[in-house]
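**Q** Just passing along the structure, written as structure tokens.
What follows draws every value from the coordinates through simple rules; no lab data is involved. Just so it is clear, the structure is predicted and the values come from calculations on it, not from any experiment. Cβ atoms come from the backbone with ideal geometry, glycine included; neighbour counts cover every protein chain shown.
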Amino acid sequence: MALVSARKRKLQTRKNVARARIHAFKMYIDGEWVDSENEKTLDVINPATEQAFATVPKATKEQVKGALEAAERAQRKWEDLTPLQRAQYLFKIAELIRRDRERLARILTTEQGKPLFESRSEIDGAAMNFQYYAEYARRIEGDVLPSDFSKQTIMILRLPIGVVASITPWNFPSSTVARKVAPALITGNAVVTKPSSNTPLSSVEIVKLAEEAGLPRGVLNLVTGSGSEVGDELVKNKKTALVTMTGSTEAGRKIMESASGHLAKLVLELGGKAPLIVWEDADMEWALKCAVWARFWNCGQTCICAERMYIDEKIKSKFIAAFTKSVKALRIGNPFGSTTDLGPMVTETERNTTKSFVEKARAEGDKIITGGEEPKDQRKGWFYEPTIIETTDQKSPLIQEEIFGPVAPILGVDSFERAIEYANDSIYGLSSYVFTKDNGRIMKALHKIKFGETYVNQVGPEQFQGAHTGFRQTGFGAEGSRYGLECYTQLKTAYVDWDEKPSLPYLFPYSKA
């Protein structure tokens, strides 16, 4: 018994030591870093090791309300600053992100699992988002229009909306929060942001840098916790004037329902199922390189990933053989490794979901060309082999449902018109890819493929000056460009009469008109 007790104490000691190494992060509400009022926390798991390495608080509903109240108070003064004054804070945040690039990239890789090379690129994107929108300080434009009446002018102004709730995903936790916060701030809004529970630390670190930049208290707040509790209160609260969310289509539906009570404005970027079309006249070598990147970037966990490939039947066999060779050469492993191409998937749940698609395809007779298994040389971590599956069924779940993992379904097509028809046969409509040298096909694709983005002989990610938006159940509103900026403003029309003796022909009594 004594020996058993000693072993138990030793095991408990090891567990206590392990917990002691876990760093406890805080939330940021009204200029203060705080814990949860109920002392509850969420573990942050490294997907490459399956080990917790940090915790964040689980905000209470009262704390979410407090963050919204703080944002509402701060927004009134923030709005009174000129855009140029607001821009100075954004420029400073961009500068600080660049200063801490390597540290932020390592945090991102640790919590999300993407290779360090990709994390560095994402941190660069986060910094550029703040810089890009800071540069809009002199370009928040309205309109001046002629009136129907003499000595009267019509002006359409762009005013702040008020309090913005930002809800960000786990796949790009640094760049996405920057893409939402920056345009909201430059246009005079205050923000309460909620990151994904899987990857909260990237947002925490950017908010720390915003504090270091001197951003006034209450202008930017951060709350952590589950979507069902924290996110729900953010969306339903009447102080929230706009909800901007990137996530699944199902989550978007729930937000629409929750926000309908007070008709909050919505900017939603939801699911994607990007088609990639390669035609016989394409530069095959270039198309292959782009196809590998477009499908397996961030382990396939990207909203603009090429989730289905339509290949001209004339070159299908040649394309599949070359594509398979390239995919087999991809290196899976430690995301901090200098030669790693694919890190782990973000959670075990996401990996299991991906596995279920592959197993169903296998059961239904689709051809697994390569992959389809967990790597045998990875003893820990939520890794999954890059997988190619050939199918002939346009209605297959592989083609119709968002996989969000490293699986590339391929289907041959006998005409370019059929490729376009199949591409549009989806509830989603975010990104699309076309590889052809024929100008007629290119113009047909641009007009007939009903997706918010079409990359012609090129791949993403999207650029800052482009409008990132979608058709159908991919959501509405835009991110990036002036169109994304305008989503964070409220239109107001002013009719200004500057005649010394103003008059209108229709005022009462009519007999004197």
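**Q** Gain in length, residue 377 to residue 458, computed as 0.36 nm per residue apart minus the alpha-carbon separation, to one decimal in nm?
**A** Values: separation 81, 0.36 × 81 = 29.16 nm, distance 3.39 nm.
Going from the current span to full extension adds 25.8 nm.
**Q** If you don't mind, there's one more thing I want to ask. So what are the ³J(HN,Hα) numbers for the stretch 159-176, from phi and the Karplus equation (6.51, -1.76, 1.60; θ = phi - 60°), rounded to whole Hz, Gly and Pro as x?
**A** With coefficients 6.51, -1.76 and 1.60, one gets 10, x, 7, x, 9, 10, 9, 10, 10, 10, x, 8, 7, 9, x, 8, 5, 5 Hz.
**Q** Read phi for every residue in the stretch 91-96 and hand back ³J(HN,Hα) as whole Hz from Karplus 6.51 cos²θ - 1.76 cosθ + 1.60, θ = phi - 60°, with x for Gly and Pro.
**A** My calculation for the stretch 91-96 gives 4, 5, 4, 4, 4, 5 Hz in order.
**Q** For residue 369, what residues show an amide H to amide H distance below 5 Å, using hydrogens built from the backbone and excluding near sequence neighbours?
**A** 388, 389, 390
**Q** So for each of 484-490, 96-102, 305-311 I average, over its residues, the number of other beta carbons within 10 Å; can you give me the resulting order with the highest mean first?
**A** Going by the mean number of other Cβ atoms within 10 Å, highest first, we get 305-311, 484-490, 96-102.
**Q** Note the full-extension length gain between residue 144 and residue 497 as 0.36 nm times their separation in residues minus their Cα-Cα distance, in nm to one decimal.
**A** Answer, rounded to one decimal: 125.7 nm.
**Q** If you don't mind, another one. List the residues, sorted by chain then number, that are 5 or more residues from residue 306 or on another chain and whose placed amide H is less than 5 Å from its amide H.
**A** So residue 306 has HN proximity to 295.
**Q** Given 314/380; 151/239; 314/444, which pairs have Cα atoms separated by over 31 Å?
**A** Result: 314/380; 151/239 exceed 31 Å.
**Q** Apply the Karplus parameterisation 6.51 cos²θ - 1.76 cosθ + 1.60, with θ equal to phi minus 60°, to every residue of the stretch 481-487 and state each ³J(HN,Hα) to the nearest whole Hz, in sequence, with x for glycine and proline.
**A** Listing the rounded values in order: 6, 5, 5, x, 4, 5, 4 Hz.
**Q** If you don't mind, there's one more thing I want to ask. May I ask for the distance between the Cα centers of the stretch 298-350 and the stretch 252-269, given as a whole number of Å?
**A** Centre-to-centre (Cα) distance: 34 Å.
**Q** What residues qualify as long-range amide H neighbours of residue 281, i.e. H under 5 Å apart, gap of 5 or more or another chain, H built at 1.01 Å from N?
**A** Here the answer is 437, since their amide H atoms fall under 5 Å of that of residue 281.
**Q** Cut-off under 18 Å on the C-alpha distance; same-chain residues fewer than 8 positions from residue 376 excluded. Which lysines are left, in chain and number order?
**A** List returned: 328, 355.
**Q** What share of the DSSP beta bridges in the chain is antiparallel, in percent to the nearest 5?
**A** Around 40 percent antiparallel, to the nearest 5.
**Q** Can I ask one more? Using a Förster distance of 30 Å, how high is the FRET efficiency between residue 417 and residue 283, based on the Cβ-Cβ distance and rounded to 0.05?
**A** Details: r = 22 Å, r/R0 = 0.74.
Using R0 = 30 Å, I get an efficiency of 0.85.
**Q** Let me ask you something else. Going down the table (316/360; 40/238; 61/254; 61/194; 65/236), which pairs top 20 Å between alpha carbons?
**A** The pairs that break the limit, which is 20 Å between Cα atoms, are 316/360; 40/238.
**Q** Highest mean first, what order results for 141-151, 422-432 on Cβ atoms within 10 Å?
**A** Most protected by this proxy first, the peptides run 422-432, 141-151.
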